[in-house]
Amino acid sequence: MKIGFGSDHAGIELKLQLMEHLKAKGHEVVDYGNYDPDDRNDDYPVPGRKVAEAIRAGEVDKGVLVCGTGVGISLAANKVPGIRACVCSEPFTAQLSVRHNNANVLAMGARVVGRELAKMIADNFFEAEFEGERHARRVGMIEQVEKDYCK
Ligand code: RB5
């Protein structure tokens, strides 16, 4: 799978560790920034939007976003139609976010989860598959909200 990565300064270190981990698992990785851990003004909406737009454009299949909590960067990504970004702090939610919600972006907080837990969360996310059927109906209802408000 081709995976796009994004983070603000708070998430850069964990992002790089996750890129290395998922690359070793055979995925193709693309870094959409940010790149400087000392730049406190590298606002999270920028990489959140970049990764979301890369998915929408078909440049990458899915995304990983990391900021301090995973919240701000996922909120930004979720404003792009077609993006389903979920903040996960444990593997069960990560797995179910794909199986039931067809999540296409995994968001994590570098100030919340440690490196090894983050790798486990990422493995559960990227090894899971969407189950469709009744879950497809529900995801379709979420997409309908976007359609109703993005005219
Ligand atoms: C940056 O200090 C922090 O606010 C950001 O990384 C993130 O946690 C926001 O949701």
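All of (1) among the aliphatic types (A, V, I, L, M); (2) closer than 14 Å to GLY6 by Cα; (3) in contact with a Lys or Arg (Cβ under 8 Å, 6 or more places away or on another chain); (4) in a helix (DSSP H, G or I) hold for LEU75 with one exception: (3). Within segment 87-103, the set of residues being more than 12 Å from THR69 (Cα to Cα) and either within 16 Å of the ligand (Cβ to nearest atom) or buried (at least 22 other Cβ atoms within 10 Å of the Cβ) (or both) comprises ALA94, SER97, VAL98, ALA103. Looking only at residues of segment 22-59 that are under 23 Å from LYS147 (Cα atoms) and touching a helix residue (DSSP H, G or I) at 6+ places or on another chain (Cβ under 6 Å), we find that the one that is surrounded by the fewest Cβ atoms within 10 Å (Cβ to Cβ) is PRO45.
Out of all the residues in segment 35-51, is one or more in contact with a Gly (Cβ under 7 Å, 6 or more places away or on another chain) and within 30 Å of ARG134 (Cβ to Cβ)? Checked against the condition, which is being in contact with a Gly (Cβ under 7 Å, 6 or more places away or on another chain) and within 30 Å of ARG134 (Cβ to Cβ), segment 35-51 yields at least one hit. In the list PRO47, PRO37, which residue meets the criterion of being assigned to a helix (DSSP H, G or I), farther than 11 Å from ALA107 by Cα, within 12 Å of the ligand (Cβ to nearest atom) and without any contact (Cβ under 8 Å) to a residue 60 or more places away in the chain? On inspection, the qualifying residue turns out to be PRO47.
Kindly indicate whether GLY11 is in a helix (DSSP H, G or I), modelled with pLDDT of 95 or more and within 14 Å of the ligand (Cβ to nearest atom). Spelling it out, GLY11 is indeed in a helix (DSSP H, G or I), modelled with pLDDT of 95 or more and within 14 Å of the ligand (Cβ to nearest atom). Within segment 50-69, if we keep just the residues that are in a helix (DSSP H, G or I) and of a type in the set (Val, Ile, Thr), the residue that is farthest from the ligand (Cβ to nearest atom) turns out to be ILE55.
The values are calculated or read from the model by the stated rules, or taken from the named source; none is laboratory data. Just so we're clear, the structure is a prediction, and the values are computed from it rather than from any experiment. All Cβ positions, even for glycine, are placed from backbone atoms using ideal geometry, and neighbour counts span all protein chains on display.
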